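S.K.: Below you will find the structure I want to go over with you.
None of the figures in this text is laboratory data; all of them are computed from the coordinates on show. Only a predicted model underlies this, so the values are computations on that prediction, with no experimental measurement involved. Here the Cβ is made from the backbone with ideal geometry for all residues, glycine too, and neighbour counts use every protein chain on show.
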Amino acid sequence: MLKLPQLKIGKLRPRFPIIQGGMALRVSTAPLAAAVANAGGIGVLGASGMSSDELREEIKKARSLSSGPLGVNIMFALKSFPQLVRAAFDEKIDVIFTGAGFSRDIFKWGKDAGVPVVSIVSTPKLAFLAEKLGASAVVVEGTEAGGHLGTDKSLGEILPAVRKAIKIPLIAAGGIVDGKGISKMLQLGADGVQMATRFVLSKECAVADSFKQMYLNAKEEDVVLIPSPVGMPGRALRNSFTAKIMGGGKVKPRTCDSCLKKCSSQYCIMEALENSRIGNVGEGVVFAGKNVHQVKDILSVQEIFDRLISEVKAVPE
């Protein structure tokens, strides 16, 4: 029976070394993050697309639902990055996760606020730099992940090299949807895992039913790479919107808040993600991991955890 390790991020000691990925545009909101924290993992709010005030309220709501460990994921690519980080600190968030670019400043901010910072990286070099600057842990994300990608290399290829480069806790992310996947990453040297796609198909995830149905109906060939205005490729499910932008077409946004530090202007990623979240899946982007086709049911977060832990324990050491 494979034994689950104790994940340590700063002073945090979750019961299980499982982190729920902080999915942007209100996919990861208080009910989901709180349910994960209650089940023994680290629940993470996706702050990108929220105002500072909205993030404050979401953290307060999550706190009202759980006393477990809660984090916030904030994209460095956002112009509002400093303001969102400050709002999270003010609300006494337990941990900050940040990717889609690399902030050097956040480590001092985190130290001053007494909040651990976890960098999302895809290379040994960046992982080593994060450790040197004061990261409490790193999330190592492979190309199998959903959403914005920092590499075209698989997680299994990247993880061992990063493990050799750093001493701080290493959290594996990208394409992990079951206990078998968790076990494989732990055996490769990970201290824990981050999972996002599996938790979209939870009862507590607040996206529209049509969003979840796209996940349930997805075949392996439906998962594609698309250009993103953020300047990184994104992994999403094929639909009429992705077909247009993959063909070089442009979709003019209804409004523009100039939310990104740099934007290709081919389409508005915030509008595209929001369209999908509320159910207009044909007019938006549905981010999903490479192995979404392996998930075929909608369960409560507690049921997901029960199944994951059972599957991990069934793996021989």
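S.K.: So for the chain: antiparallel DSSP bridges make up what percent, rounded to the nearest 5? Mind showing how you got there, number by number?
M.R.: On the way: 9 of 37 bridges.
The antiparallel fraction comes to roughly 25 percent.
S.K.: When the dipole is taken about the Cα centre of the stretch 209-283, and only Lys, Arg (+1) and Asp, Glu (-1) are charged at their Cβ, what size is it in debye, to the nearest 20? Before the final figure, lay out the partial values.
M.R.: Details: 11 positive and 8 negative charges, 54 e Å.
The calculation lands at about 260 debye.
S.K.: Report, in debye and to the nearest 20, how large the dipole of the stretch 185-317 comes out about its Cα centre when Lys and Arg carry +1 and Asp and Glu carry -1 on their Cβ. Could the numbers behind the result be given before it?
M.R.: Details: 17 positive and 15 negative charges, 118 e Å.
For this selection, approximately 560 debye.
S.K.: Right, something else. Which entry in (1) 44; (2) 52; (3) 36 is this structure's computed percent of Cα pairs over 27 Å apart?
M.R.: Computing percent of Cα pairs over 27 Å apart and matching it to (1) 44; (2) 52; (3) 36 gives (3).
S.K.: Checking the cross-link filter: which aspartates and glutamates have an alpha carbon closer than 14 Å to that of Lys8, excluding same-chain neighbours under 8 positions apart?
M.R.: Within the straight-line cut-off, Lys8 pairs with Asp94, Asp191.
S.K.: Also, quick follow-up: Any chance you could check the Cα centroid distance between the stretch 217-258 and the stretch 1-25 for me, in angstrom?
M.R.: 31
S.K.: Skipping prolines and chain starts, which residues have an amide H placed within reach, meaning under 5 Å, of the one on Lys153, given they are 5 or more residues away or on another chain?
M.R.: Those qualifying (amide H under 5 Å, at least 5 residues apart or on another chain) are Thr143.
S.K.: Between Met232, Phe211, Ser276, whose Cα lies farthest towards the positive end of the dipole of the stretch 209-283 when Lys and Arg beta carbons carry +1 and Asp and Glu beta carbons carry -1, centred on the Cα centre?
M.R.: Highest projection toward the positive end goes to Met232.
S.K.: Have a look at Ile42, Phe81, Ser103 and report the one farthest towards the positive end of the charge dipole of the stretch 1-106, computed about the Cα centre with Cβ charges (Lys/Arg +1, Asp/Glu -1).
M.R.: Checked the options; the winner is Ile42.
S.K.: Taking a threshold of 26 Å on the Cα-Cα distance, which of the pairs Lys184/Lys262; Lys125/Lys212; Lys79/Lys252; Lys108/Lys167; Lys125/Lys153 fall above it?
M.R.: Working: Lys184/Lys262 37 Å; Lys125/Lys212 36 Å; Lys79/Lys252 21 Å; Lys108/Lys167 20 Å; Lys125/Lys153 14 Å.
Long pairs (Cα-Cα over 26 Å): Lys184/Lys262; Lys125/Lys212.
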